[in-house]
Amino acid sequence: MGKRSVVNVLIAVLFVFGAAGCATLETAGHKYIMKGQVLDVTGDEAYLCIGSAEGAKAGQEFTVYRFVKTPALAAKQQITYKRELVGAVKITEVVDEHYAKAKVLKGDVRVSDVAELMP
């Protein structure tokens, strides 16, 4: 087997094991931390990018956060963000494997905020 063939085989093996590892991590992440983006808010109803594939169920309550850019204090300072608590929602209906409807329980919930399952 030539040097080039060995390299190609090693790349293929790393790809297969890497892909399997990512799939495993994705499952574990959703098992312990369920979160998703707020896609729409109309009145007191929010539409979330969280569905049955992540384990969402009607009645679950989520804390809602917004990522807010912090101003740079110096010209060369790197831009940073802070996670700001802005409200809470409760799933009223799981629409499908990707989406759910929720009632805004409190706060100023907006599109692009992140909903995270309360412990």
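The values are calculated or read from the model by the stated rules, or taken from the named source; none is laboratory data. For clarity, every value in this text was computed on a predicted model and none was experimentally measured. Every residue, glycine as well, gets a Cβ built from its backbone with ideal geometry; the counts of neighbours run over all protein chains shown.
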- prompt: Going through the stretch 49-79 one residue at a time, which ones are crowded, with 17+ Cβ neighbours inside 10 Å and either outside the structural domain of Asp108 (by TED's automatic domain parsing) or under 13 Å from the mean Cα position of the chain (by Cα) (or both)?
  reply: Ile50, Gly51, Glu54, Ala56, Phe62, Thr63, Val64, Tyr65, Arg66
task: For the stretch 61-81, enumerate the residues that are touching a residue at least 24 places away in the same chain (Cβ under 8 Å) and either more than 21 Å from Val41 (Cβ to Cβ) or not hydroxyl-bearing (Ser, Thr, Tyr) (or both).
output: Glu61, Phe62, Val64, Arg66, Phe67
